[in-house]
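For reference, the structure discussed in these notes is given below.
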Amino acid sequence: MNDIRPHEVMIPLAEPDDARLFFIGRIHTPFTERKDCPRQGSHDGPDCRIEIFEPWVPALKGIDDYDFVEVLYWLDKARRDLVVQNPNHTDKPYGTFALRSPVRPNPIGTSRVKLVSAIGPNLIVRGLDCLDGTPLVDLKPDRCEFTPKAPPK
Ligand code: SAM
C-alpha cells in the first residue's frame, strides 16, 4: 500500500496533527472498497447518506433551499507522503497539487452533490465518490446558488 511507482517522490512525514478539525458527521455510501469508488462522483450515481452528528444538526437549517451542496470530507485512508505521483490513468508523473488524487498532505476531498432530501440529521445526496464511513469536514451551499431560493425557514 505504501509502495511507490516509478518517478514518484516520497517525503519523510512528521506525525500529523489532525486534532483541530471537528468531524461533523459521517458519509454513508455503497462503496466499501476503493476499487468500487468512482474517481469522481456523478449526479446520476447512487443515493448516499450524509449523517450529521450532534451538536451540529441545527447548522443544517435552510440547507433544503439548495439543489446542490459542496461537501468537504476527510479521505482518511489515504497516504499523505507523496509530492509527485504517477497515477494509473496518466502516462507521466504529476505533482500532488496538480492532481485531484486522495493522496495529499491534508487529504480533503470535495464534491458538488445533488441534494435529494434533507430529513432531520440526514441528507440524501447524489454525486459522492468516497468510501462508506468517510468523515465529514464541512457542508456549504453550492457557490453558484449562494442566494437562497426562498428565505430560510
Ligand atoms: N471528489 C473528490 C475531489 O475531487 O476532491 C475526491 C476525488 S478522489 C480521486 C476519489 C477517490 O478517492 C476514490 O475513487 C477512491 O479511490 C478514494 N477514496 C474514497 N474515499 C476514500 C477514503 N475515505 N480514504 C482514502 N481514499 C478514498
Per-residue HN-Hα couplings for segment 25-36, Karplus 6.51 cos²θ - 1.76 cosθ + 1.60 at θ = phi - 60°, whole Hz, x for Gly and Pro? x, 9, 9, 9, 10, x, 8, 9, 10, 4, 5, 8
Tally of Lys pairs whose C-alpha atoms are under 21 Å apart, taken over the chain, 8 or more apart or cross-chain: 10
What residues qualify as long-range amide H neighbours of His28, i.e. H under 5 Å apart, gap of 5 or more or another chain, H built at 1.01 Å from N? Arg49, Ile50, Glu51, Gly133
At 0.36 nm per residue, minus the direct Cα-Cα distance, what do Thr90 and Asn2 gain on full extension? Give it in nm, one decimal, please. 29.7 nm
If I model a spin label as a point 7 Å beyond the Cα along the Cα-Cβ vector, how far apart are those points for Glu15 and Val57 in nm? 3.6
Chain lengthening between Asp76 and Phe22 when straightened (0.36 nm per residue, less Cα-Cα): 18.1 nm
Over segment 27-141, what is the mean sequence separation of C-alpha contacts under 8 Å (at least six apart), divided by residue count, expressed as relative contact order in percent? 45
With +1 on each Lys and Arg Cβ and -1 on each Asp and Glu Cβ, and nothing else charged, work out how big the dipole of segment 27-141 is about its Cα centre, in Debye to the nearest 20. 460
Per 5 Å bin, what is the whole-percent P(r) computed from every C-alpha pair distance within segment 27-141? 2, 12, 21, 23, 18, 12, 7, 4, 1, 0
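Read-outs: derived from the displayed coordinates by stated rules, not from any lab. None of the values given here were measured: they were computed from a predicted structure. Counting neighbours? That spans all protein chains shown, and the Cβs are built from the backbone with ideal geometry, glycine included.
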